[in-house]
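To start, the structure itself, in structure tokens.
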Amino acid sequence: MTTRATEALPVLRQMAARANLPDRVVDALAAIAVIREVAAGAIIQLEGDEAEAMYVVLSGRVKIVRTASNGREQVLHIAGPGDHINLVPVLDGGPNPATVQALTDAVLAAIPCEPLRQLMMREPEFTMALLKDLAQRQRHLVALVDELALHCVQGRLARLLLSRAEAAERGEAVPPLTQAEMAGQIGTVREMVSRTLRNFEELGLIAVERGFIVIKDRAGLKEKAEE
């Protein structure tokens with residue numbers, strides 16, 4: 001194991017602890033990991049390219065996006081420390097299903113596809129843990145389809161604001177989002193987010209205080225979330 005690979009151990013141990021995986025799995029992952037440092041805005045992988053690795057985020061945040069021919073983005077997931085990315089092509093041998101871009105400066109552990117497949121064959125507990133995570137991502141994507149197909153922009157934005165407020169109340173870290181990032185998450189454009197936020201403010205549902213959105217009327221915002 002290289003000195004650089006040992007940098008991955010603390011986060012890999014946290015990831016393994018959530019799934020009750022033995023230390024030998026952590027050591028095996030660290031032994032095949034290649035550490036990558038990327039700057040904010042850097043493209044880590046492109047949708048449609050041949051897959052090289054599954055990535056584990058060690059620090060920073062990255063976004064997983066699909067991009068239309070007109071440049072419009074749909075954010076599928078935002079990954080932070082301990083999250084893994086790009087398991088699908090490891091399992092099916094196909095190309096990268098989405099583009100991954102760094103939102104902040106980030107450090108990643110790249111786990112090359114073939115050594116990872118070999119580890120999965122040797123460690124069925126590890127394989128089942130990855131499949132469980134994949135199933136949870138599938139549920140998230142089903143919920144995202146529901147959001148985009150069954151709710152208007154006002155409803156989607158209201159739901160995003162409420163979910164972030166609830167996460168903050170649970171003590172979770174909730175990084176700030178720009179209006180463009182909000183638009184990417186709810187499948188619209190920045191101008192529509194700006195217009196909807198102004199409308200929510202005029203209705204007394206939210207207030208913008210020192211650059212932060214504060215919910216003033218939760219019941220009213222929940223009504224909007226159902227639209």
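The values are calculated or read from the model by the stated rules, or taken from the named source; none is laboratory data. Everything numeric here is computed off the predicted structure, so don't read it as measured data. For neighbour counting, all protein chains shown are included, and Cβ atoms are generated from backbone atoms with ideal geometry for every residue, glycine included. Just the protein is used for accessible areas: all its heavy atoms, side chains included, with ligands, DNA and RNA removed. Shrake-Rupley method; radii C 1.70, N 1.55, O 1.52, S 1.80 Å.
Mind checking the angle between helix 113-122 and the chain's longest principal axis? C-alpha axes, 0 to 90 degrees, to the nearest 10.
For 113-122 against the chain, the angle is about 70 degrees.
What whole number of Å gives the distance from the Cα centroid of segment 80-121 to the Cα centroid of segment 172-195?
Cα centroid of segment 172-195 versus Cα centroid of segment 80-121: 25 Å apart.
Obtain the nm distance between the two label points defined at GLU227 and ASP27 by a simple spin-label model: each point lies 7 Å from its Cα along the Cα-to-C-beta direction.
Going from the GLU227 label point to the ASP27 one covers 5.9 nm.
To the nearest 0.05, what FRET efficiency results for ALA39 and ALA180 with a Förster distance of 22 Å applied to their C-beta separation?
Efficiency for this residue pair is about 0.75.
Below 21 Å, Cα to Cα, which lysines can LYS224 reach? Residues fewer than 8 away in the same chain don't count.
Cross-link targets: LYS216.
So what does ARG190 come to for accessible area, using a 1.4 Å probe and Å² rounded to 10?
110
Taking only protein heavy atoms into account and a 1.4 Å probe, give the accessible area per residue of the chain in Å².
Heavy-atom SASA per residue in the chain reads 53 Å².
Sequence-distant or interchain residues sharing an amide H contact under 5 Å with ALA42, placed H: which?
HN-HN under 5 Å from ALA42: ALA102.
Please identify which residues in segment 123-166 have an amide N closer than 20 Å to a label point set 7 Å out from the Cα of LYS216, following the Cα→Cβ vector.
Hits in segment 123-166 for LYS216 at 20 Å: 154-155, 157-166.
In the chain, with Lys and Arg counted as +1 and Asp and Glu as -1 at Cβ, which of these residues, GLY93, GLY171, ILE186, has the Cα nearest the positive end of the dipole, that is, farthest along it?
Value computed over the given set: GLY171.
Spin-label point model (7 Å from Cα, Cβ direction): what's the ARG195 to THR127 distance in nm?
5.2
Within segment 48-82, name every residue whose backbone N is under 13 Å away from a label modeled 7 Å from Cα of ALA135 along the Cβ vector.
No residue qualifies, since no backbone N sits under 13 Å from the label point.
Could you work out how far apart the two model spin labels at ASP105 and ALA168 are, taking each label as a point 7 Å from the Cα in the direction of the beta carbon, and quote it in nm?
Label-label distance for ASP105 and ALA168, simple model: 2.6 nm.
Determine the share of the chain's accessible area contributed by carbon and sulfur atoms, expressed in whole percent, with a 1.4 angstrom probe.
54
In whole Hz and in residue order, list the ³J(HN,Hα) couplings for segment 171-184 that follow from phi through the Karplus curve 6.51 cos²θ - 1.76 cosθ + 1.60, θ = phi - 60°; x for Gly and Pro.
Calculated HN-Hα couplings, in order: x, 7, 6, 10, x, x, 10, 6, 5, 5, 5, 4, 4, x Hz.
Once the whole set of protein chains is in place, how much accessible area is left on SER69, using a 1.4 Å probe, in Å² to the nearest 10?
130
Between GLU52 and GLU202, what FRET efficiency comes out of the Förster formula 1/(1 + (r/R0)^6) with R0 = 45 Å and r the beta carbon distance, rounded to 0.05?
0.40
Enter the angle in degrees (range 0 to 90, nearest 10) between the Cα long axis of helix 23-32 and the first principal axis of the Cα atoms of the chain, meaning the one along which they spread out most.
90
Can you tell me the orientation of helix 190-202 relative to the chain, as the angle in degrees between its alpha-carbon axis and the longest Cα principal axis, to the nearest 10?
Tilt of helix 190-202: around 50 degrees.
Mind putting a number on the dipole of the chain about its Cα centre? Charges go on the C-beta only, +1 for Lys and Arg and -1 for Asp and Glu, and I need it in Debye to the nearest 20.
Around 300 debye, computed over the chain.
Give, as a single signed number, the net charge of other residues whose beta carbon lies under 12 Å from the beta carbon of LEU119, with Lys and Arg counted +1 and Asp and Glu -1.
For residues surrounding LEU119, the net value is -1.
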